[in-house]
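Peer 1: The structure's right below; bear with me while I get my questions together.
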Amino acid sequence: MPKKSSHLHRFKKVTLGKKFVVFKCQLPDCTTYYRIELVEGKLCECNRCGKPMVMTKIAMTLTKPHCPDCTRGVSDPESDALTELFME
């Protein structure tokens, strides 16, 4: 029986051979590889902020997956206003 990992994996998408795509843990001394179909829903570490995150379909499309909080994008004033309204 495999031993339980003592850390959250920090994934990077790599291609083995010509067409075999996997997610590899980038942490030292970790030799974990997951097939791309098996990684959805796994808890892992964000490549930008280092906080725990869950692998989503959107994160699976990225080479170095990161959480939604670390996504750089154009802020939507309407969305920001609604967020502030609900946070009060």
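Peer 1: Please work out whether segment 1-73 counts as rounded, prolate or oblate from its C-alpha gyration tensor, where a ≥ b ≥ c are the square roots of the eigenvalues and a/c under 1.5 means rounded, while otherwise a/b larger than b/c means prolate and anything else oblate?
Peer 2: It is oblate, given that a/c is not under 1.5 and a/b is not larger than b/c.
Peer 1: List the GluC sites (Glu not before Pro) in segment 1-72 that DSSP assigns to loop (not H, G, I, E or B) and whose Cβ has at most 16 other Cβ atoms within 10 Å. Which are they?
Peer 2: In loop regions of segment 1-72 (DSSP not H, G, I, E or B), the sparsely surrounded GluC sites (Glu not before Pro) are 40.
Peer 1: Okay, moving on. Just add up the charged neighbours of residue 8: K/R +1, D/E -1, any other residue whose Cβ is under 11 Å from the Cβ of residue 8.
Peer 2: Residues near residue 8 contribute +2 overall.
Peer 1: How much net charge surrounds residue 50 when only other residues with a Cβ under 15 Å from its Cβ are counted (Lys, Arg +1; Asp, Glu -1)?
Peer 2: So the surrounding residues net to +3.
Peer 1: Extension gain residue 61-residue 38, at 0.36 nm per residue separation less the Cα-Cα distance, in nm?
Peer 2: Fully extending the segment from residue 61 to residue 38 adds 6.9 nm.
Every read-out reported here was derived from the displayed coordinates using simple, explicitly stated rules and does not represent laboratory data. The model shown is predicted, which means the values in this text are computed figures rather than measured ones. All Cβ positions, glycine included, derive from the backbone under ideal geometry; neighbour counts span all protein chains shown.
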